[in-house]
Each structure stands twice: as structure tokens, then as C-alpha cells.
Amino acid sequence: KMTQQMRDLQLAQARKPPGPSSPNAAKRLYRNLSGKFRVNYTSFDEGSLVGRGEKEKLRKSYLFQSNAALFEAVELQDLDRVQEMLKHYSPEELDLNTPNSEGLLPLDIAIMTNNTPIARALLQAGAKESPHFVSLESRSLHLSTLVREAEQRVNELMAQVVNEAPNADCSEKEKQLKAWEWRFRLYKRMKAGFEHARVPDAPSSVHLSVASSSSLQVTFWEPLSVNSAVVTKYKVEWSCSPTFLPLLGEAVIDKLKDLHFTIQGLVSGTAYHIRVSAYNMKGWGPPQASVPPFAIPSNWREYDGRAPRRRGQAEALDHLLGQVKTVHQHCICHEPCKNQPQSRKHSVSKSLKHLFHPGSKFLKTLKRGLYLTAIFYKDDNILVTHEDQIPVVEIDDTYSCLLMQDFLWLTKVSCMWDEILWLRQCVTVSQSSCSCILQTRFKMLLAISQMQGLLGIQDLGQVFFEPIKDKQGNILIVTLKEVKTNQTFESVRWVPICKLQTSRKSVSSPEEPTALDTLLISLQDKLAYHQRSSHALSTGLYLGYLKLCSAVDQIRVLVPEQLPNILCHVKIRSNPNISREEWEWLQKMASVEEPVPTEPEADRSQNPLFQELQVAIKELMTLMNIPLQEAKDFRLYSQEVLDFGDQVSFLLLLPPSDDVCTAPGQNNPYTPRSGFLTLPLQIFELGEGR
């Protein structure tokens, strides 16, 4: 009995003009559809005169054709075209898991023709096997039916071609015959692929690690031999018994982009055995036991019952800030704000004075003093004033040198941009003490308020880790913020960064550039720093290197330029958790004051963490340009594991106690390679918290 798709194919071939057989026709169909897809989606984005209902009808029509084109590309074993379609369209748009009228899915065709590259591409896109094949017998019967129907159709067409006289209809029949002969060969190849396949071997390796006090992570690798059939899913089983009787649970994994699985909801302190088996169209293969054969869910904190360091800190700080605000609600500093509306004359005169105040507008040039500038950028554009100047306001025109403590105080204020008005009111009271520090900081708050008011933006972003100074006595504090959405502002506008840098006329010499010229010259470097300082590490356990240098008024910490909010580091492994057993081993190392090992020993060769640390230490020493033989004097920080959320944790490698912090005038015996910088410790702490 002829399937619906066979009839559709016959009608389609009858409508087509004379041309090549099905394979070439499929290629032509794909090329034509690709062009239509691109034009059609552009028109959706930009809008057209076609009604919404008509556009949706056209879209569905093209998506239906894209599904047919995907089937054709898989049948032709055209990997490039399959990857192109999977790249540009979602599984839903391609109807990736909707069987055709023959009960087949693209993945079925790929695995039964043993086309491993296409099958893997489909699997990573979320493709599944047809639900019609509930057993081996049903799949075999289905393939036999397809082969038989195709063979029957070939015989019918061949008889018609032989018996009919040459004419237009006969030529069309010959094309149909070629198409059916090609499809007959495809079905026979699929049937032969199914018959010759066997169940897959066991996964080549299964690694078991402790993910937390209630979970285990299983990582596995595909079998060395899949026995002529692509593996389409895996099964993870766990039990408290090495015989897996009784079986406590199992999970089937059919998303094969990453071959790992985390078993959740386990009991801390209980040993679990794990095994993994692979599946192909012939069924489940033999299981592979994990290495190690069992693991116990635990966490290093269980060693001494230590609570997480950061638990409740944010809530406590919010509560403390609320208490401080409550105390200041009835403070005298708020009286001017309450009484201001009662005196209209005073208000008007103050407003008029404010309009003519030299600091009420953005500055074009710098005189000797302390200034604040705000850099807002989006892609390759930057916000400038209507005079094509970077927004700059004056903090203090009598301030010739910026104390580091004032600057670090301002960096902390950057965490409270929304509270500037309240901070100003509180600092106002303290001016009676005539403290130069308080007066400077009050002027900083005034400048921040002025910048916020002129821009119409509260959040000025992150303070760059060092101010810009020039020989004319100017000091420029820079804030940086990336704008994610398209926004328009009244007092500023967007211009390309390159245009700003080329159009600005410098008023200084190259030997002695002003702070503004220095800012423009180094603008890309500062934007790159800002973007890198917001990057996050991927999930895992890291080995960090702590190196400090002290100066007269600050302590600085060594960080990588590519990730300045994190210590210098290398990755130990993808699992961030340190188990109780691993922490006990580290404590034993610390208790006997054993140096950090660089060569394996017989009794430690089976310890995975020991081997991972060896590799990481060698890599870190090379990165920091420290001779490997010096590792014997280094120590692992054994007081705690530094947890940054649930996804990232650090073990710290410490230099000898005399070299942890380099004092002023002391030479560092080992200079790191390029790609590092030193940040003030307070700046690093703020960046680490972002």
C-alpha cells in the first residue's frame, strides 16, 4: 500500500519540468529554500506591506519546506547543508522531532545509514528517534515494508517505460523511475545498516566525583566501538550495593552535547555505586562501572562543621544601613530640606545662583584641580556632550593632590549611587569640624550629584582603579558603565569612539599630555578593563596564587589583565566541590608541614586530587615565571576553601611567608610574564564582589 509521501512525491515529480534525478533536485531545492529563508526573515524584521496573517502563512509554508529540505539533506548525507540549517533555524522551526508520513525522523535516517557526523549534529540539536519503533521487531518490519513498497513501485514504473512508446509522458515516467530507484537503494541501505548493527560496547570510561553533600557527578565517554550504529542515549544507574540489587535509581540521558550527569537528592555520608550503559537502535549495551567504584556525598565543611562565610552578610548589611538611615531621619541635616519650601524668595535666589554657577555645566577644559568624568559606552559608541566633549565636572579647583584614602572612599560610594543625596545630607552636618577630609568628600558628593543631574542618570558605573594625573596638576577620576539598551538622553548623545578620538584637537604637547588627552588615548584600554572585570569564571575548582606588594599608603594585589577581578589562577577541574575525604587529606599534608609535592609517590598515585594538584601547580608556576624547584617552599592555604557561590571555588597557593608581600624597595626575585597588573586591595575586593 502506497504511503502518502510516495504519492506526494509522484505528484511533485509530475509537475516538475525535465531535469536531473532526485539527488540533484534535492540540492537545488535546498539552495532555493535557503535564499527564500533569508529574504523572508529579513522582511519579517523590517516590516512589509504584506498583512500579518499573510506573513504567518508564508512563514509556515517555508518552514514546512525547510523540514522537507532537511530530510533531503540527511538522505543525501550532505553534512554541510544539515549543519547550516541547524545553525539558522530552531528545532521547532524545522519540526526536527515530528515524524513524516513514513514514520521516520531525520535522526532515524542518519543512524540507519550509519552516518555518524550527521547523527551527532542532529543529536546535539536535540533530535530524537521516532516513537513508532517500540521494539526491534517493529523497526525491522517497518523497514521491510518501505523496501517492498519502493521495489514494487520501481517494477511498475519500469514496466510502463518499457511498454509505452516514446513521448512526453514516457519521459516523465523515466524521471520518476530514476527517483524511485534512488529511494529504493536508500531504503535497502537503511535496512542493511539496521541488520548489521549490534548493541554498543560499554562507555570507554566513567568518572565519579563528589558534587556536594547530597549529590554526585558522573562524567562518561562514548564507547570505543559503537558496532555500526550511533549511540543515541545513555543510562546512569546507582545503588548502595556493588551488585546493584536493589537499584536505587536510574536516569536516561538523551541530550548528548555534554556527557555528564549530576545525581541529586542523595544521603550525605552514604556510599553509592554508579554504572553507565549506552544505547543504539539495537538496544542497551553492557554497563561500565565508575572509577572510583563508589563515592560518598560530602563537603569539606563537614570536617569541622564550619558555616559558609558569606551566609547572611548581604542581609545583615542591608539591615545595618536601614538602622543608620533610621537614626538620621530626625537629624538636623534634614532640616534644610524640610524648611526649604517655606521660603520662596530664598529658593528662587538659590536657583538663580545655581544657574550662573561655573560648575553647573560640563567643562570643556581642565584647570589645575580635581575632576570627575563619566564614560558611558555601547558597542563602539560613547556618550559625549553636544560640544563633542566627554562629560566632566569639577570636584575641587584647589585640590592639587589626591589622597589614596579619599579615592578609595569614593570607590565604595560607587556601590551606593542611589544614596548620594542622603550621604550629602549626612556629611553636611560634619562640616562644622572643618576637617579637610570631610570637606573634600562632601565636594565629591556634590560633583557626583551634579553629574547625575546633568546626565539624568543615577548609576555612574564602576570607578576605574587609578585616577589620571598630568603635569599641569590635574587629577581625573574616571567612572565606566556599559549601556546594554538603546537609550536617548537630552544633554548628551552617542558618537563613535574612533570619531571622537580623531576629531578632538589636543591642546597639549605629546610629551606632556593633559589628563583628558591621556584619557582619550587610553580609552580602549579602559573599556577593555571594565568589560574584563565583569567576566565570570566557568564552573570549577581553581588554584589561585596570592601575591601582594605594599606601598606607603596602600597594599596592591597581583591579578591577570584578562580577568582583573580574580587572583592569578589555573583551573584544577570542572567540579568545584572539595569532599570531606579530600579535605582530610589536605589537612594531613598541612599538619606534617609537608612541602607542596611536585613528584608523585607510590601511596598517592591513586589520589585524583593529588594528581590534579600536581598538574595545576606546574601550570601555575610556569604562568607566574617561577622555577618549578621553588615549589618546595610554597604552601597550600589549609584554613578554608574559598567558595564564590556554588559554582566556583579556590585553593590558594602561598609563596614563602617572607615573599607573600613585597615591601617598598624590595626586589621581587621572580617577575611574572606579561599580562598581569596590580590593583589596590580595596579595589580588588570591590571587583571580586561584582
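The values are calculated or read from the model by the stated rules, or taken from the named source; none is laboratory data. Remember, it's a predicted structure, so these values are computed and weren't measured experimentally. Here the Cβ is made from the backbone with ideal geometry for all residues, glycine too, and neighbour counts use every protein chain on show. Accessible surface is based on the protein model in full, side chains and every heavy atom, while ligands, DNA and RNA are left aside. Shrake-Rupley method; radii C 1.70, N 1.55, O 1.52, S 1.80 Å.
For the stretch 92-143 versus the stretch 281-325, the inter-centroid distance based on Cα atoms is 39 Å.
By a 1.4 Å probe calculation restricted to protein chains, T398 has an accessible surface near 110 Å², given to the nearest 10.
A probe of 1.4 angstrom, applied to the heavy atoms of all protein chains, finds D517 with accessible area near 10 square angstrom.
Label separation (Q65 vs E419): 6.2 nm, computed from points 7 Å beyond Cα along the C-beta direction. Taking all protein chains together and a 1.4 Å probe, the residues H530, H260 rank H260, H530 from largest to smallest accessible area. Solvent-accessible area of S591, all protein chains in place: 90 Å² (probe radius 1.4 Å, heavy atoms, ligands and nucleic acids excluded). The protection proxy used here, the mean number of other Cβ atoms lying within 10 Å of each residue, ranks peptides 187-193, 210-216 as follows, highest first: 210-216, 187-193. Applying a threshold of 30 Å to the alpha-carbon distances of K191/K257; K257/K632; K364/K526; K364/K471 flags K257/K632 as lying beyond it. If you sort L642, L107 by accessible surface, 1.4 Å probe, largest first, the order is L642, L107.
Computed from backbone phi with θ = phi - 60° and the Karplus coefficients 6.51, -1.76 and 1.60, the 3J(HN,Hα) list for the stretch 149-154 is 5, 5, 4, 4, 5, 4 Hz; x is used for glycine and proline. With a cut-off of 10 Å between beta carbons, the residues surrounding E237 carry a summed charge of +1, where Lys and Arg count +1 and Asp and Glu -1.
Over the stretch 207-298, accessible surface divided per residue gives 45 Å², non-protein components excluded, 1.4 Å probe.
Database remark: amide H of A295 closer than 5 angstrom to the amide H of Y272 (H placed geometrically; neighbours at sequence offset of 5 or more, or on other chains; Pro and chain starts carry no H).
Each distinct pair of alpha carbons in the stretch 56-196 adds a 1/r term; the inverse of their mean, the Kirkwood radius, is 16.5 Å. Between V161 and D380, the simple label model (points 7 Å from Cα in the Cβ direction) yields a spacing of 5.8 nm.
Rounded to the nearest whole Hz, the Karplus-based 3J(HN,Hα) values (6.51 cos²θ - 1.76 cosθ + 1.60, θ = phi - 60°) of the stretch 485-495 follow the sequence 10, 6, 10, 10, 10, 6, 9, 9, 8, 8, 9, with x at glycine and proline.
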